[in-house]
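In what follows, a structure is listed as structure tokens, so that the remarks can point back to it.
The values are calculated or read from the model by the stated rules, or taken from the named source; none is laboratory data. Quick caveat: nothing in here was measured; it's all calculated off a predicted structure. Note: ideal-geometry Cβ built from the backbone for every residue, glycine included; neighbour counts use all protein chains shown. Ligands, DNA and RNA are stripped out before the accessible areas are found, and what is left, the full protein with its side chains, is counted by its heavy atoms. Shrake-Rupley method; radii C 1.70, N 1.55, O 1.52, S 1.80 Å.
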Amino acid sequence: MSLTGTTKLAGVMGWPVAHSRSPALHGFWLAEHRIDGAYLPLPVKPENLRRSLEALAMMGFAGCNLTIPHKEDALNIVDEIDETARRAGAINTVVVDKNNRLVGSNSDMFGFLEALRAAVPGWSGRTGPAVVLGAGGAARGVVAALIDDGATEIRLVNRTPARAQNLARELGGTIYGVPWEERAAALAGAALLVNATSLGMEGQPALELPLDKLAPDAVVNDIVYVPLETPLVAAARARGNRAVDGLDMLLHQARPGFAAWFGVEPKVTPALR
Ligand code: NAP
């Protein structure tokens, strides 16, 4: 589609930014809906984040996504932080409002829950105990989403126990810290297993986790999306468990930003995947 003088603009700021799949994803939706818009990769060094964000409104941008390493730093720059960004402790979506103020939000929690609900109709946090591996930025969003969705019990398993304890203290809810060595036993009676560590990602060590104790009707959600089918997802499917992969979360988390910038509610479809 050719650009006009009234093209709506958005993009993703990151450093480096070349790895980001967001331009392809938003570009697909822009073409699908024949929108006069553009979504650009914006290579922004950390020391330039403030000036780049402040320039958005001046340059007529509707907003942007933020990726590594900007998600936390932006909390101190935008004019307003909504509840999702406060809970997640990070901003991944910035919208320029009608008064040219920057509003920061985080759509990872939305993306995680929407992916789960799309794969498992009727899913809710109340379905049963959840085991979450990891206590980094991604795990924080996953745990907050599960609590907000009514989770009755979250078993939080992390290599560094102090990080899990901090997360539990900050987020509240019924969170039990489980030592990393006891992760296989923690699966007993769980309705959901989420891998929110970087283990199993291309270039990272494998996730060592026997699934013997996992109930056959439990759902496995690996938020790692490179490779698409991680060894955990493959192992879960092989033993008959329903599995959700990380690409679904990535696609669903992009929906709120696209809707805010371009005015159309996009859909996650097989063609998009
Ligand atoms: P992060 O903040 O660096 O956290 C990494 C987590 O992995 C920590 O809990 C860390 O434990 C654990 N870990 C790393 N190496 C380990 C090892 N050798 N043994 C045991 N635990 C280990 O990273 P993040 O931002 O949370 O991202 C985590 C993963 O989620 C990445 O693969 C990322 O691509 C993915 N992600 C996916 C989506 C999506 O939309 N699908 C969104 C966000 C993130 P310690 O605390 O002990 O270091």
TODO: For residues that are modelled with pLDDT of 95 or more and aliphatic (A, V, I, L, M), scanning just the stretch 195-205, find the one that is most open to solvent (accessible area, probe 1.4 Å).
DONE: Leu199
Task: Single unsatisfied condition, Ile223 versus (1) within 11 Å of the ligand (Cβ to nearest atom); (2) on the phi < 0 side of the Ramachandran plot; (3) open to solvent by 30 Å² or more (accessible area, probe 1.4 Å) - done: (3)
Task: Per-region count, the stretch 130-179, residues within 12 Å of the ligand (Cβ to nearest atom) and within 18 Å of Ala85 (Cβ to Cβ) - done: 10
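Quick check on this structure: which one of Gly125, Gly89, Gly104 is farther than 25 Å from Ala186 by Cα and more than 16 Å from the ligand (Cβ to nearest atom)?
Exactly one of Gly125, Gly89, Gly104 is farther than 25 Å from Ala186 by Cα and more than 16 Å from the ligand (Cβ to nearest atom), namely Gly104.
Answer with yes or no whether Ala215 is away from the ligand (no atom under 16 Å from the Cβ), modelled with pLDDT of 95 or more, under 13 Å from Val132 (Cα atoms) and assigned to a loop (DSSP other than H, G, I, E, B).
No.
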Open item on the list: If I go through the stretch 228-243 residue by residue, how many of them are surrounded by 15 or more Cβ atoms within 10 Å (Cβ to Cβ) and either modelled with pLDDT under 95 or not aliphatic (A, V, I, L, M) (or both)?
Closed with: 4
- [ ] Go through (1) farther than 30 Å from Gly104 by Cβ; (2) buried (at least 21 other Cβ atoms within 10 Å of the Cβ); (3) touching a residue at least 40 places away in the same chain (Cβ under 8 Å) and name the single condition Pro266 misses.
- [x] (1)
